[in-house]
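Just below is one structure, and these are the notes that go with it.
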Amino acid sequence: MSDTDVDLAALLCSRLCHDLLSPVGAMNNGLELLADETDPAMRERCIDLLGESAAAAANKLKFFRLAFGAAGGFGPTVDPSDAKAVATGLVEDARTKLVWDVPASPLPKAAVKILLNLILIAREALVRGGTLAVGAESRDGETEMVVRAEGPKLVLDEQVKKALAGELDPAQIDSRTAAAHMVRSLSTRGGGMVQLAGGRDEPLLMGALIKSA
């Protein structure tokens, strides 16, 4: 493993820890409140909040395990239903809807990781929620993925844009841009490319293509 790969792995771990701090911290606070609370109604509310925080932490762990880690087994392909399950857990809430349009046939493992990381980036860009549509298709030795985000406020970080475009200095890659860098790296290693369009006042479109054979 190269130093670059080690650095990227460390940044992805930092990103995972950062995203887990909020729900895990909320569980810790909830347990402290529960220990001192005697009012039945407030204790019930504390328990509800603990359940919500635990679910959020579990959903993020499942997502990052497949997006960053070795989940999905050691074979060359992954069942798209696994990706849909973790994406739903991460994306869908009272403000955001996931539209999944991916065939049931297995996808290359690299394609699934690219797709999930594009979903992560798009979800963060939907500051006030909205609709996140996902599509993928394999044919003629290639796999193409597309993510479309539409909502009342779209904000895609400029450094993330540069990382997706391959224009970010490697020394500037951090936990915030690691997912975009991973998308770019997996796509170019797979003989493909990454495309980006729209944002702000129009839907955000992100696409990637890799050679699947």
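The values are calculated or read from the model by the stated rules, or taken from the named source; none is laboratory data. No experiment lies behind these values; they were computed from the predicted model shown. Note that we place each Cβ from the backbone using ideal geometry, even for glycine, and neighbour counts take in every protein chain shown. When the accessible area is computed, the model is the full protein with side chains, heavy atoms only, and any ligands, DNA or RNA have been set aside. Shrake-Rupley method; radii C 1.70, N 1.55, O 1.52, S 1.80 Å.
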(request) For the stretch 47-96, name all the residues that are outside any helix (DSSP H, G or I) and of a type in the set (D, E, K, R). (result) ASP79, GLU92, ASP93, ARG95
(request) Test each condition in (1) touching a His at 6+ places or on another chain (Cβ under 7 Å); (2) outside any helix (DSSP H, G or I); (3) of a type in the set (Gly, Ala, Ser) for ALA163 and report the one that comes out false. (result) (2)
(request) Check the stretch 29-49 and report whether any residue there is modelled with pLDDT of 85 or more, open to solvent by less than 50 Å² (accessible area, probe 1.4 Å), hydrophobic (A, V, I, L, M, F, W, C) and in contact with a Leu (Cβ under 9 Å, 6 or more places away or on another chain). (result) yes
(request) Could you please let me know if VAL127 is within 19 Å of GLU92 (Cβ to Cβ), open to solvent by less than 10 Å² (accessible area, probe 1.4 Å) and β-branched (Val, Ile, Thr)? (result) no
(request) Scan the stretch 190-213 for residues that are of a type in the set (A, V, I, L, M), farther than 16 Å from GLU137 by Cβ and surrounded by fewer than 21 Cβ atoms within 10 Å (Cβ to Cβ) and jot them down. (result) LEU196, ALA197
(message) So in the stretch 134-189, with the set limited to residues that are more than 22 Å from ALA111 (Cα to Cα) and small (Gly, Ala, Ser), which one is least open to solvent (accessible area, probe 1.4 Å)?
(response) GLY151
(message) So if I check each of THR131, THR143, THR96, which one is of a type in the set (Ser, Thr, Tyr) and in contact (Cβ under 8 Å) with a residue 60 or more places away in the chain?
(response) THR143
(message) Restricting to the stretch 91-124, and then to whatever is open to solvent by 30 Å² or more (accessible area, probe 1.4 Å) and not charged (D, E, K, R), can you tell me which residue is nearest to ASN59 (Cα to Cα)?
(response) ALA94
(message) If a residue must be touching a Lys or Arg at 6+ places or on another chain (Cβ under 8 Å) and modelled with pLDDT of 90 or more, how many such residues does the stretch 184-205 contain?
(response) 7
